[in-house]
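Here's the structure we're looking at; comments come further down.
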Amino acid sequence: MRRKFVIWVFFALGFAGVLNLFAQDLINNGHVCNNATGIIRFVSSSSNFENNGTDNTGGFLYGVKNDGVFEFTNTTTGNYFTGTEALGSDAAHRVPGTVRYAATTSTTPTQKVQGAYYTHLTLRGNAGKNVEDGVYVFGTYLVEGSSGNRTYNGTFHYDGDGSLGVQTIFAENGASAGTNRYNNLDLLDNATKQIAAGDQVILDGALTHSGGMLYILGELDLGTTAQSNAPIGLDDVNAVLKTGSGQATYSGGVTVTNGTVQSDAGAGKVLIPAGATLALGNSANAQVSFADGTVLEIAGTFTNAYGAATNLNFACGSTVIYSGAAGQTIVPTVETNPYGNLIATSANKTAGGDVYLCGELTLNSANINMGANTLTMLDVSKAANFVGGLEEVIGAMQRKANATYGTFAIGTDYVFNNAHTKLNFTNGTFDNDDIFGFNVQPGTNPNQYDVTKDINRKVTWNYANTGTDWVATLEVAYLDAELPPGADESTVRFYEASPTDVEKMSTGQPYDRTGTTATLSYVSLPGIKPTSASVDGTPDTYFASGNDVLLRTGPAIIYAVENGRWSNPNTWDEGAEPTPIDQVVIDGYTVHVGFTRPNLDNWGDDETYPTQLASQVTIGSSPNSALVFGPPEDPWTNGPKPTYYAFPSGTNIIINNNTVSACYNTSSADFTTFAGNDNPANGLVVFEGATVRTTTITNNGLISNGGVIEVGH
């Protein structure tokens, strides 16, 4: 039977020196008073402090006053606080004074540190320390240099309330996981905690933080996750808050006056939730640093008071997500310190300044309004993704080539402000400083706007530092709400519009169009080339930087660009046969209708609108300007064989003056000869067997008729 040394205390004992207990337990049923110079040392491996005292008056806590030290020097089975009123069992029974675990290897290979509520806790002695789950420290936690290695189990809590001053987190920063590092760390109570300058605190597990501010002057390396519901502040050039492998949620916000919020490769997401702010101060040393593969999500607010923005360090493979509600502002970046991947989601965003990124752009249920600023993609090969199909970058967006990330290439769809504003280069050589971009303003009047036929969207095309040998396919989007009343979307064309003039884009190639859809509709035209020339009103293939891409519906003036059959798309400047509502100009070319000329263009497809070719035809004054009708051929692919070629009611033919005055022979035999050669003609020529119907003819040139011309329809 083990012996106990029982102290029956009926009055306060003042221990002026060291009390060595020869029995194995201290059992208190009355009062224990350990003065400032006193040490109560438990030396047996089974020694406990059994407290059954109940007096909480006169400075006693359940019968105990301790201004000195309770020290445990040896433990395998004991060295616990026990009893009916066990000290350290909860916050109300917190062990007063200092508890010191001081075993050495001569007494025990490993000493356990009881999971309990301490005022001050010290570890000493070269025996290893096994820190149990549930240690709470109210004041100072100190590991002296003589202490053996520590292993932390479960969660270690700092729960000071500020009554003893700012509570400092002891710098556990062992070199390997599981040794001399905290496992889970919990910062409690409404009082400031700090990591001192020069100290590094490393966690293997999770951080939980509530109540008062965590003030970081040194470094905090998170292990796995973090849930911080109280403010965190960094204010030292060497201060670091480093993300662990799991998500770090900073609901209380983070303010960086000096220091770095850092996520290395393999780190989890950093989340600034709604209502919280990540605020960087006006200092080059107030930084964020995110490596490839890391994520910063801003559901709340992100601000940067340092205007130079060189304190933002995002690797190109990192991602910043703005996922907050309406009114969220995107922090500006600079070319030397861009975002990596940038995602905007959940609600529309506003740019706080110019935005640069070297990764991908993704918009999901969110527009970005750039205002007077520009969004620049530095790696031209990176994708711009518009997940729902309707999202847009409103304002200026550009792609800027450079030596670091590469330049433009042939045959690649370069997407700009929305899913259907694109450039694809079919020819050209490109340099490392080329810039292409658009300023897209939905619902805004473009240059030369005509409310009756123009789409109400201002699309300004800009390019800089480029050569002159490139050729591009241009695609531009619009919304159904931007169409003019009664618009025929099959007639939407590109016009180049300056503030003073407008001209149709005419590349000799056909448009690709989609009508109104659930997403954006678009118009696409290949063959566009650069120029520095001003808009002169004459259709051509060139587009000058800084002008608007005007989207105009309805009739257009279609120009013949080579000799050929009316139905041949290659005959016309748009690369497509004119429609009945279009006006046509034939100047310097001979166009024939209704028959094939094998020695000319050998085009056998019939006219799409054989009885309704155009609303007006003007035959120009240049030599070899002619419109020639012959008897229609079989078989007709557009319905029953007509008895004549005709213009619809309201059609005019205008024949301008030319130098040819001799009439053409227009018999059937003459037609056979003419159809079989590739010679040009002049004026209006109607061979025997053909009928032409028109409203008016204004002739200032030559008419040669062997068929029927009906005037007045």
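Just so you know, all these numbers are worked out from the coordinates, no wet-lab data involved. Because the structure is a prediction, the values reported are computed rather than measured. Methodologically, a virtual Cβ is constructed for each residue, glycine included, from the backbone with ideal geometry; neighbour enumeration extends over all protein chains shown.
The longest part of the chain holding none of the exposed loop chymotrypsin sites (Phe, Trp or Tyr not before Pro), meaning those outside H, G, I, E and B in DSSP with at most 12 other Cβ atoms within 10 Å, is 23-713. For Gln328, the residues 5 or more places off, or on other chains, whose built amide H falls under 5 Å of its own are Thr350. The modelled label-to-label distance for the pair Thr310/Thr110, using points 7 Å beyond Cα in the direction of Cβ, is 5.2 nm. Across region 291-300, coupling constants 3J(HN,Hα) worked out from phi with the 6.51/-1.76/1.60 Karplus curve, θ = phi - 60°, read 7, 3, x, 8, 9, 10, 10, 10, 8, x Hz, and Gly and Pro carry x.
Need one word for region 407-554: rounded, prolate or oblate. Basis is the Cα gyration tensor (sqrt eigenvalues a ≥ b ≥ c); a/c below 1.5 gives rounded, then a/b vs b/c decides. Here region 407-554 falls in the prolate category. Bridgeable lysines around Lys129 (alpha carbons under 24 Å apart, same-chain partners fewer than 8 residues away excluded): Lys112. Based on C-alpha pairs under 8 angstrom that are at least 6 apart in sequence, region 407-554 has a relative contact order of 27 percent.
For the chain, excluding the exposed loop sites themselves (trypsin sites (Lys or Arg not before Pro), DSSP loop, at most 10 other Cβ atoms within 10 Å), the longest remaining stretch covers 4-713. Shape call for region 73-217 from the C-alpha gyration tensor, a ≥ b ≥ c root eigenvalues: rounded (a/c under 1.5), prolate (a/b greater than b/c) or oblate? Oblate is the answer for region 73-217, as a/c is 1.5 or above yet b/c matches or exceeds a/b.
Residues His120, His157, His592, ranked from the fewest to the most other C-beta atoms within 10 Å, line up as His120, His157, His592. Across the chain, the volume of the C-alpha convex hull divided among the residues equals 204 Å³ per residue.
Can you tell which of Gly83, Asn599, Ala681 lies farthest toward the positive end of the dipole of the chain, using +1 and -1 charges on the Cβ of basic and acidic side chains (Lys, Arg; Asp, Glu)? Final value for the positive-end residue is Gly83.
What number comes out for the charge environment of Asn432, summing +1 per Lys or Arg and -1 per Asp or Glu over other residues with Cβ under 15 Å away?
So the surrounding residues net to -3.
Counting neighbouring beta carbons within 10 Å and listing from fewest to most, the residues His93, His209 come out as His93, His209. Over the chain, DSSP H runs of length four or greater, each weighted -39,500 (n - 2.57), average out per residue to a 222 nm ellipticity of -500 deg cm²/dmol. Once a ≥ b ≥ c are taken as the square roots of the eigenvalues of the Cα gyration tensor of region 508-609, is the result rounded (a/c under 1.5), prolate (a/b larger than b/c) or oblate (a/b not larger than b/c)? Oblate shape, in that a/c is at least 1.5 and b/c is the bigger or equal ratio. Cross-link check: pairs Lys269/Lys382; Lys349/Lys422; Lys269/Lys458 evaluated at a Cα-Cα cut-off of 27 Å; pairs beyond the cut-off: Lys269/Lys458. Ranked by how many other Cβ atoms sit within 10 Å of their own Cβ, fewest first, the residues Thr666, Thr37 fall in the order Thr37, Thr666.
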